[in-house]
Amino acid sequence: MAPRNIEIKDLRKFVFISDPQTSPDGSRVAYVQTSVDYEDDGYIKHIWVHDVASGKNIQFTHGKGKHSFPRWSPDSDRLLFLASGRKPESKTQLYVIDINGGEAGLVADLETGVSNPKWSPDGKAILFSSRTWEPEKPGSDVVVVKRIRFKLNGVGMFAGKRLHLFTVKTRGGKPKQVTKGEYDVAAYSWSPDGKEISYATNLGDDQDTSYIRDIYVVPAKGGEACVVTNSVHTIYDISWSEHGLAYLGHDFHAQGATNTDIWVKESLDSEPVNITKDFNRRVGGGIGSDLRFSTPGPGAVWGPKGEHIYFMAGDIPHSNIYRVKRASHEVEQMTEGITVDGFSYSADCEVLSYNTMNAVEPCELYVNGKKVTKVNERHLKNLRLSTPEMYIWNNELGDKIHGWVMKPQDYVEGEIYPTIVQIHGGPLGIYGDGIYQEFQLMAASGFCVIYTNPRGSAGYGEEYGATLNGRHGTVDHIDIMDFTRDAIKRFPFIDSDRLGVTGGSYGGYLTNWIVTQTDMFRAGVACRSTCNRYSHHGYSDLGFNHGPSGNMGYPWRDEDKLLSQSPLRYAKNVKTPLLFIHSENDLRCPVQQAEEFFVALMELGVDTELVRFPDENHELSRSGKPKHREERFRHIIRWFNRYLK
């Protein structure tokens, strides 16, 4: 059968490989395989295991529930994993299973769930975190909020709860709470001998608004914690080995755009040293996609002799694995020309597993550079996909920036085509060699698609990202417009009279902004967008972070500055028909933002619609319910068909 154009319903047939975990002895790789359960409007997640010697892949968990986060015991004989849905209404539970088979044993089942479990070095205990009631569970369903950080997209309201650490024996039993108090643990690690636990937190009164986190060390059996850092950095990950303590973090000197680096303390009482200072990329960054279930970041991974630390970073157009020499700080690239989503080494660093994608194929599993899964091969053989063509254009400063153009699937030389400009979120997101079903559907529907990384994006160094601090709707807007004009001149098949613009999150904000500044585009679709930087500060789960970063302003002090960066202020200029797509449970960019702009455009007589998705959050386009994801596609294509054809 001849390949056909991709369709919306093809989402149901894709399979997603994530979270590869190489066993310490290098004999096996555990990973998560996710498929769409269209009938139940959800996803099926199971742990699979690849045998390195035989090359075979075996499904390791079965039955009800979603299984994720496989992690090997130090002796490579057991796997721990998280499961949700095994019991009705249960939160995420912790299980351990012998690699040779048998029933998985339930190790921890807390009312508040289990997250991010870590084996102790001797394999006898597991450290994990849980959002627990502090000081105690209230006796009423009335919510009393006493702090500014009380909700989170995808989590919901958690007023009265704090993220704390617990340990539990691998054979089960009652978990022991390690940390307790009015603070949240942000990252943690066992000591190399398992006698202590390190964790990052802020104990100050300003803990919700300060970027600073300190590392504390507490005896694993309980006792007094001591601080081992000097209140300088924000800290995202801790990796403690016999060679030293490494962490990912930064000092906020470029606000939220500051590069995340690897800092190393040779001993607990030594000063931390930035060993990736000259690398000038965000350690841990990656490339965007809407056909992926993301892999938890591996953080800083120590080599067996402590000479190197391995990490991942996005450097447009790819994300690769690197290692840095601890002594010289020299960075060496370990993979090239691929888009890595996650990786894991064996204890001796002889076996490397990673999952990687490209612009026409979702993630597959690779071991030592060899592709060992082909879960999407049969489906992709039946599809005709548009391969993005990468090129270089120059912004107004002369910077050489990557751009991509996707021709319509049924492209004919000499014809001109309606064209849609895509804008990524963040703004520190990265477009690169990653697959988007949304882009492919547009190409299959007869549209040309173009996209780039405007100033404010990651992937080109700290200065490039930080230049947008405090001035949204300025250089980012200039770059998108200049990029579009350049593409029109460069590609004769782009119809300049039939242009559309769309984006999600920050890309939705910029879509809203653009249509208030120009009528160059005949249609726009703003997904999970914002329009009012003044009200966003208080409505969003993280809006208050835009005081010291992002917009760099406070409603009670910088009213005019925030409103001057708000598309809503300029709504009277809009002539472009604009479709809003929003999730009702989006706490990052609340639906109130779409409502404000929608009402303004309705009052002004602009052609507009607001499509609301119930029971969805900010992640609708990437991990929402399959039927909702498909309906979202239909609305986007419908809107552009209506105005661009």
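The values are calculated or read from the model by the stated rules, or taken from the named source; none is laboratory data. None of these values were measured; they are calculated from a predicted model. Neighbour counts run over all protein chains shown; Cβ positions are idealised from the backbone, glycine included. Heavy atoms of the whole protein, side chains included, go into the accessibility calculation; ligands, DNA and RNA do not. Shrake-Rupley method; radii C 1.70, N 1.55, O 1.52, S 1.80 Å.
With a 1.4 Å probe and all protein chains left in place, how much accessible area per residue does region 181-257 have, in Å²? Don't jump to the answer; show the numbers that get you there.
On the way: 3170 Å² over 77 residues.
In whole numbers, region 181-257 has 41 Å² accessible per residue.
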Exercise. Taking Cα atoms of region 287-334, Rg/Rh with Kirkwood Rh, to two decimals?
Worked result: 1.05
Exercise. Of Lys151/Lys625; Lys13/Lys374; Lys575/Lys627, which sit over 25 Å apart, Cα to Cα?
Worked result: Lys575/Lys627
Exercise. So what is the relative contact order for region 30-112, in percent, with contacts set as C-alpha pairs under 8 Å and at least six apart?
Worked result: 18
For this session: Could you pull the Rg and Dmax for region 275-395, using just the Cα atoms, both in Å?
Result: 15.8, 51
Problem set entry | Amide proton proximity set for Asn453, modelled H, under 5 Å, gap of 5+ | His402
For this session: Find the percent of Cα-Cα distances in region 442-557 that exceed 19 Å, and round it to a whole number.
Result: 51
Problem set entry | P(r) tail fraction, region 567-643 - alpha-carbon pairs more than 21 Å apart, % | 31
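Taking every eigenvalue of the Cα gyration tensor of the chain, multiplying by 5 and rooting it, what semi-axes result, largest first, whole Å? Could you put the intermediate results ahead of the total?
Numbers: eigenvalues 309, 168, 123 Å².
Semi-axis lengths for the chain are 39, 29, 25 Å.
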For this session: Output the direction-averaged projected area (hull surface divided by four) of the convex hull of the alpha-carbon atoms of region 26-110, in nm².
Result: 6.0
Problem set entry | Filtered chymotrypsin sites (Phe, Trp or Tyr not before Pro), region 66-170: DSSP coil and at most 12 other beta carbons within 10 Å | none
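Determine the relative contact order of the chain: mean sequence separation of Cα pairs under 8 Å and six or more apart, normalised by residue count, in whole percent.
Numbers: 1614 pairs, mean separation 67.5, N = 645.
It rounds to 10 percent for the chain.
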Problem set entry | In Å², nearest 10: area of His472 left accessible to a 1.4 Å probe | 10
Exercise. Taking a ≥ b ≥ c as the square roots of the eigenvalues of the Cα gyration tensor of region 80-164, is the shape rounded (a/c under 1.5), prolate (a/b larger than b/c) or oblate?
Worked result: prolate
Problem set entry | Cross-link pairs beyond the 20 Å C-alpha cut-off, checked among Lys146/Lys174; Lys169/Lys195; Lys91/Lys137; Lys407/Lys645; Lys305/Lys325; Lys9/Lys381 | Lys146/Lys174
Problem set entry | Kirkwood hydrodynamic radius over Cα pairs of region 457-511, then Stokes diffusion coefficient at 10 °C and 1.306 mPa s, in µm²/s | 124
Problem set entry | Coordinate range along principal axes, alpha carbons of region 129-217, Å, largest first | 43, 33, 23
For this session: Restricting things to alpha carbons, find the Rg to Rh ratio for region 516-645 using the Kirkwood radius for Rh.
Result: 0.99
Exercise. Which percent of Cα pairs goes in each bin when the distances of region 201-357 are cut into 10 angstrom slices starting at zero?
Worked result: 10, 37, 35, 16, 2
Exercise. Residues with amide H under 5 Å of Ser583's amide H, sequence separation 5 or more or different chain, H placed in the peptide plane at 1.01 Å from N; which?
Worked result: Arg528, Phe613
For this session: Pull up all non-local amide H partners of His618: gap of 5 or more, or a different chain, and H-to-H distance under 5 Å with H placed in the peptide plane.
Result: Gly154, Leu587, Arg588
Seminar exercise, completed: Phi angles of region 568-584, converted by Karplus (6.51 cos²θ - 1.76 cosθ + 1.60, θ = phi - 60°) into ³J(HN,Hα) in whole Hz with x for Gly and Pro, give 4, 4, 10, 4, 5, 7, 6, 10, 6, x, 10, 9, 9, 10, 8, 9, 6
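Can you check how the C-alpha radius of gyration of region 570-611 compares to 2.2 N^0.38 Å, as a plain ratio?
Working: Rg = 10.5 Å, N = 42, 2.2 N^0.38 = 9.1 Å.
Normalised Rg, Cα atoms only: 1.15.
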For this session: Using a/c under 1.5 as the rounded threshold, could you call region 184-272 rounded, prolate or oblate? The axes a ≥ b ≥ c are square roots of the C-alpha gyration tensor eigenvalues, and prolate needs a/b larger than b/c, oblate otherwise.
Result: oblate
Seminar exercise, completed: Tilt, helix 591-604 to longest principal axis of the chain (alpha-carbon atoms), in degrees rounded to tens, equals 10
Problem set entry | Equivalent ellipsoid semi-axes - Cα gyration tensor, region 167-235, angstrom | 24, 13, 10
For this session: Return the sequence-ordered ³J(HN,Hα) values of region 61-73 in whole Hz as given by the Karplus equation 6.51 cos²θ - 1.76 cosθ + 1.60 applied to θ = phi - 60°, using x for Gly and Pro.
Result: 10, 9, x, 6, x, 9, 10, 8, 6, x, 9, 7, 5
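How high is the FRET efficiency between Ser267 and Leu203 when r is their beta carbon distance and R₀ equals 22 Å, given to the nearest 0.05? Let's see the in-between values first.
On the way: r = 23 Å, r/R0 = 1.04.
Rounded to the nearest 0.05, the efficiency is 0.45.
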Exercise. Using θ = phi - 60° and the Karplus form 6.51 cos²θ - 1.76 cosθ + 1.60, what ³J(HN,Hα) does each residue of region 204-219 get, whole Hz, x for Gly and Pro?
Worked result: x, 5, 9, 4, 6, 10, 8, 7, 6, 10, 10, 9, 10, 10, 10, x
Problem set entry | region 248-328: Cα Rg divided by the 2.2 N^0.38 Å rule of thumb | 1.17
For this session: Based solely on C-alpha atoms, express the radius of gyration and the Dmax of region 216-256 in angstrom.
Result: 12.6, 39
For this session: Express the carbon and sulfur contribution to the solvent-accessible surface of the chain as a percent, rounded to the nearest whole number, probe 1.4 angstrom.
Result: 48
